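The values are calculated or read from the model by the stated rules, or taken from the named source; none is laboratory data. Owing to the predicted nature of the structure, the values given are computational and were not obtained by experimental measurement. Virtual Cβ from ideal backbone geometry, glycine too; neighbours counted across all protein chains shown. For the accessible areas, the whole protein counts, side chains as well, though only heavy atoms, and no ligand, DNA or RNA atoms are used. Shrake-Rupley method; radii C 1.70, N 1.55, O 1.52, S 1.80 Å.
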Amino acid sequence: MGYYIKVKIFTPQIRSGVNDKGVDSVPQDAFTIRHIANELKEKITGGKISRIVQPARDELTFIIYTGKGNVKLEACLGAQSSRLSFTDEDKPVPVTAPNFCMLLRKHLQNAEILNVAQPDFERIIYFDLKCVSDFSSSVMRLYFEIMGKYSNAILCENGIISGALKTTSIGENTKRVLFGGVKYVPPEPQDKISPDDKDGLKNIMCIPTGDRAKFISDKVKGICYSTALDMVSVYGENISAENIYDYVYGREIQPCVTLSNGKPDDFKVRSARADKEIYQSVLQAQTAYYAYIYKKRTFDQKKSKLENALNSALKKTEKRLAAINDKLAECRGAEDVKLKGELITANIYALKKGMKNFEAQNYYDPDANSVKIELDVTLTPSQNAQKYYKRYAKLKRTQTSVTAQLEEAEDKLNYLNSIKAHICSAENTADLEGTEEELVNLGLFKTAAVRKKKTEEPSYRTFECGGFKIISGRNNIQNERLTRSLAPEDIWLHTQRYHSSHVGIITNGKSVPDAVLYAAAEICAYYSDGRYGNKISVDYTPKKFVKKPPKSNVGFVIYTDFKTILADPDAHTELIYEERK
């Protein structure tokens with residue numbers, strides 16, 4: 001016997017942190033930016049800008065040759081994650097570069113970085129750049145204003161703006177005008193005490209207050225609440241003006257990424273928290289933190305988009321199925337319609353034109369019950385009989401056609417649900433790549449026109465257990481490729497009543513121990529619709545008994561000669577092969 005499987009707003013004083021969605025939404029403070037600027041000055045001064053790209057509306061990427069190799073500097077100037085940081089991420093690039101990117105390329109291509117600095121303990125970093133062309137040489141200044149939703153990049157020459165990432169006009173209600181040809185004016189400073197004003201600090205620190213950290217962040221320039229909390233945790237509630245000065249300008253730092261439930265929630269110049277990972281520099285801590293944020297945000301956004309596209313298709317398919325079932329319900333009365341035509345013909349001698357209805361004995365009924373038949377008064381008895389026969393024929397044609405449509409719609413719904421199962425079990429962007437390709441091929445999802453580097457196809461989820469290799473597909477495309485790749489005697493697994501990943505055990509001709517088989521079944525159950533249940537039925541069989549019917553959906557197979565094992569879902573992260581290597 002066979003079994004078919006359809007596989008299926010900005011608050012100026014608050015520093016970066018993670019919101020309830022796990023993505024940071026507020027900017028850095030001047031204290032942190034000071035250390036970032038100093039480290040950038042040390043690492044890239046004297047370097048040359050070899051390439052400039054703009055991956056997104058609020059992002060710029062600079063490839064800088066430092067003499068020791070290339071570094072990739074990322075300027076994120078949106079409301080979320082505003083920063084200057086190094087990155088290793090290869091982000092897709094638009095086919096056509098935006099205007100500001102073209103302006104930067106025109107002036108800054110091959111420019112030498114003369115200096116990196118932070119002016120007046122503000123949330124600003126500027127680069128002084130020596131720009132040389134075939135006909136001229138000049139020094140330009142590129143400002144990065146790292147201020148949450150007010151973040152911006154502004155290119156100036158001799159104090160005059162050449163261009164800005166975000167421009168304003170004279171007609172707008174704003175204190176700063178930002179467009180080419182006007183003088184650059186820094187943002188208006190905050191009415192707070194500077195950390196280097198010891199006398200001013202002494203005057204305000206004498207004021208009694210309840211929440212000392214909040215008082216410091218409200219009164220001291222460039223210090224956000226989370227930094228003030230760290231200060232108070234080091235020096236206590238009796239923190240003095242000298243303590244604040246030493247904390248800001250002292251050399252005692254310990255760059256780190258702080259953790260919450262084992263996951264990054266912020267990066268810091270120093271922190272008294274115990275749950276943290278230490279780094280050699282603030283730039284390294286920042287890079288590690290935002291690499292995590294970027295991967296999480298990219299995964300969450302892609303997963304949400306794919307889910308929305310898929311749910312829309314599911315609703316349409318379910319609506320079509322309901323309409324098909326309504327038609328089939330109507331067609332189920334076809335035999336009654338045919339019977340009425342036959343009874344009119346059998347009793348035609350007793351009927352006359354103009355009759356509204358009549359009753360006839362149903363000679364197909366063992367009890368010979370009578371049937372009331374409605375007639376069209378404008379038609380003859382013979383024409384009434386023909387009308388019922390024609391309606392019967394139409395219902396039968398509709399039934400034949402709709403039955404085929406029903407099977408097709410059910411197949412599509414099952415296939416879409418299999419895709420949904422893979423989206424729900426996805427744990428990273430690699431898990432979603434094949435699923436995205438499926439939805440694009442189905443015409444359910446469109447991708448933006450970007451230049452994307454060719455990358456290796458994501459590998460299977462790979463595990464090692466008892467000397468055996470266990471592999472699991474991430475999506476329907478991988479499932480099909482995985483099944484084809486197995487040797488005839490390798491073991492193939494799939495959940496019995498749920499959509500799931502295809503799982504294979506590479507046997508190399510050896511007998512598979514029960515412990516290995518059970519671990520593979522648990523992995524199969526985990527990457528299925530039934531991952532939140534227990535005692536999931538998982539079928540297994542040698543791959544030679546698994547076949548793919550012609551013209552079937554991606555990941556659709558039939559199999560025979562199988563056995564079933566009950567398994568509790570388990571990701572078995574301790575067996576993941578890549579982590580052990």
- What lysines sit close enough to LYS387 to cross-link, taking a C-alpha to C-alpha distance under 27 Å and skipping anything fewer than 8 places away on the same chain? LYS327, LYS338, LYS340, LYS352, LYS353, LYS356, LYS372, LYS396
- region 28-149, convex hull of Cα, quarter of hull surface, nm² -> 7.7
- Task: Just round it to a whole percent: the fraction of Cα-Cα distances in region 370-436 exceeding 16 Å.
- Result: 69
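Please list, by residue number, every one of the GluC sites (Glu not before Pro) in region 322-414 that is coil in DSSP and has at most 15 other beta-carbon atoms within 10 Å.
Details: sites: GLU330, GLU335, GLU342, GLU359, GLU374, GLU407, GLU408, GLU410; in loops: none.
Counting only loop positions with at most 15 other Cβ atoms within 10 Å, none of the GluC sites (Glu not before Pro) in region 322-414 qualifies.
Per the 1.4 Å probe, what fraction of the accessible area of the chain, in percent, lies on carbon and sulfur atoms? If you can, show how the numbers build up before the last one.
On the way: 14990 of 30290 Å².
That share works out to 49 percent.
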- Message: Debye calculation, C-alpha points only, no solvent: report log10 I(q)/I(0) for region 295-443 at q = 0.13, 0.14, 0.21 Å⁻¹, in the same order as the q values.
- Response: -0.70, -0.75, -1.16
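If R₀ is 60 angstrom, what is the calculated FRET efficiency for the pair ASP134 and THR403, using the beta carbon separation as r and rounding to 0.05? Provide the component values of the computation, followed by the final result.
On the way: r = 75 Å, r/R0 = 1.25.
So the FRET efficiency works out to roughly 0.20.
Treating only the Cβ atoms of Lys and Arg (+1) and Asp and Glu (-1) as charged, compute the dipole magnitude of the chain about its Cα centre; round to the nearest 20 debye. Kindly include the intermediate steps, with their values, before the conclusion.
Values: 85 positive and 74 negative charges, 423 e Å.
Around 2040 debye, computed over the chain.
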- Query: What is the gain in length, in nm to one decimal, between ASN308 and ASP211 on full extension, counting 0.36 nm per residue of separation less the C-alpha to C-alpha distance?
  - Reply: 30.5 nm
- Query: Around LYS469, which amide H atoms from residues at least 5 apart in sequence, or from another chain, sit under 5 Å from its own amide H, with H modelled in the peptide plane?
  - Reply: ILE506
- Filtered hits (lysines, Cα-Cα < 21 Å from LYS510, offset >= 8 within chain) -> LYS469, LYS543, LYS544, LYS563
- Summing -39500 (n - 2.57) over the DSSP H runs of n ≥ 4 in the chain and dividing by its residue number, what mean residue ellipticity at 222 nm do you reach, to the nearest 500 deg cm²/dmol? -12000 deg cm²/dmol
- Query: Of the peptides 201-207, 65-71, 259-265, how do they stack up when ordered by the mean number of other Cβ atoms within 10 Å, highest first?
  - Reply: 201-207, 259-265, 65-71
- With a 1.4 Å probe and every protein chain left in place, tell me how much accessible area PHE179 has, in Å² to the nearest 10. 60
- Message: Can you give me the accessible area per residue for the chain, using a 1.4 Å probe, in Å²?
- Response: 52
- Query: How much solvent-accessible surface does HIS572 expose, in Å² to the nearest 10, with a 1.4 Å probe and all protein chains in place?
  - Reply: 20
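Please compute the contact order of region 306-454 in relative form: average sequence separation of alpha-carbon pairs under 8 Å and at least six residues apart, divided by the residue count, as a percent. Display every interim value, and only then the final one.
On the way: 129 pairs, mean separation 47.3, N = 149.
Once normalised by length, the contact order is 32 percent.
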- Task: Could you list which residues have their amide H under 5 Å from that of ASP266, counting only those 5 or more apart in sequence or on another chain, with H placed in the peptide plane?
- Result: THR258
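Need one word for region 253-335: rounded, prolate or oblate. Basis is the Cα gyration tensor (sqrt eigenvalues a ≥ b ≥ c); a/c below 1.5 gives rounded, then a/b vs b/c decides.
Working: a/c = 10.06, a/b = 4.98, b/c = 2.02.
It is prolate, given that a/c is not under 1.5 and a/b is the larger ratio.
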- When the Kirkwood radius is taken over all Cα pairs of region 209-311, what Stokes-Einstein diffusion coefficient follows at 25 °C and 0.890 mPa s, in µm²/s? 157
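With N set to the residue count of region 492-568, report its C-alpha Rg divided by 2.2 N^0.38 Å to two decimal places. Intermediate results must be reported in sequence, preceding the final value.
On the way: Rg = 12.3 Å, N = 77, 2.2 N^0.38 = 11.5 Å.
With N residues counted in region 492-568, Rg over 2.2 N^0.38 Å equals 1.08.
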- Query: HN-Hα J couplings of region 315-321 from phi, Karplus 6.51/-1.76/1.60, θ = phi - 60°, integer Hz, Gly and Pro as x?
  - Reply: 4, 5, 5, 5, 5, 5, 4
- Message: Normalised radius of gyration for region 540-581, please: alpha carbon Rg relative to 2.2 N^0.38 Å, two decimal places.
- Response: 1.67
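What does the convex hull of the Cα atoms come to per residue for the chain, in Å³? Don't skip to the answer; put the middle values down first.
Values: hull volume 170.3 nm³, N = 581.
With only Cα atoms used, the chain gives 293 Å³ per residue.
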- Query: Based on the Kirkwood radius over alpha-carbon pairs, what is the Stokes-Einstein translational diffusion coefficient of region 175-218 at 20 °C with 1.002 mPa s viscosity, in µm²/s?
  - Reply: 160
- Quick one: check the C-alpha center-to-center distance for region 128-165 versus region 216-267, whole angstrom. 32
- Note on the structure: In whole Hz, the Karplus estimates of ³J(HN,Hα) for region 39-49 (6.51, -1.76, 1.60; θ = phi - 60°; x where Gly or Pro) are 6, 5, 4, 5, 8, 10, 4, x, x, 10, 7
- Translational D (Stokes-Einstein, µm²/s) of region 117-216 at 25 °C and 0.890 mPa s when Rh comes from the Kirkwood sum over C-alpha pairs? 151
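Counting other Cβ atoms within 10 Å, which trypsin sites (Lys or Arg not before Pro) in region 394-447 have at most 14 and lie in a DSSP loop? Write down the numbers at each step before the final one.
Numbers: sites: LYS394, LYS396, ARG397, LYS412, LYS420, LYS446; in loops: LYS446.
In loop regions of region 394-447 (DSSP not H, G, I, E or B), the sparsely surrounded trypsin sites (Lys or Arg not before Pro) are LYS446.
Taking the Cα centre as origin and putting +1 on Lys and Arg beta-carbons and -1 on Asp and Glu beta-carbons, what dipole magnitude results for region 217-281, to the nearest 20 debye? Spell out each step's value before the answer.
Numbers: 8 positive and 10 negative charges, 31 e Å.
Computed about the Cα centre, the dipole is about 160 debye.
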- Segment MET102-TYR235, extension gain: residue separation times 0.36 nm, minus the distance between their alpha carbons: 42.9 nm
- Once the mean of 1/r over all distinct C-alpha pairs in region 436-581 is inverted, the Kirkwood radius in Å reads 16.0
- Task: Kindly provide the trypsin sites (Lys or Arg not before Pro) of region 241-290 that DSSP labels as loop, not H, G, I, E or B, and whose Cβ sees at most 16 other Cβ atoms within 10 Å.
- Result: ARG251, ARG273
- Item | Distribution of pairwise C-alpha distances over region 474-514, 5 Å bins, in % | 5, 24, 29, 21, 15, 6
- Sticking with the crude label model, points 7 Å out along Cα→Cβ, report the distance from ARG484 to LYS319 in nm, one decimal please. 3.6
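Between ASP514 and ASP275, how high is the FRET efficiency from 1/(1 + (r/R0)^6) when r is the Cβ-Cβ distance and R₀ = 25 Å? Nearest 0.05.
On the way: r = 40 Å, r/R0 = 1.60.
Computed FRET efficiency for ASP514 and ASP275: 0.05.
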- Query: So, in nm, how far is label VAL95 from label THR45 when the simple model puts each one 7 Å beyond its Cα toward the Cβ?
  - Reply: 4.4
- With θ set to phi - 60°, apply the Karplus curve 6.51 cos²θ - 1.76 cosθ + 1.60 along region 51-57 and write out the HN-Hα couplings as whole Hz, x wherever there is a Gly or Pro. 7, 10, 9, 10, x, 9, 4
- Of 310-323, 380-393, ordering from highest average Cβ density within 10 Å down gives 380-393, 310-323
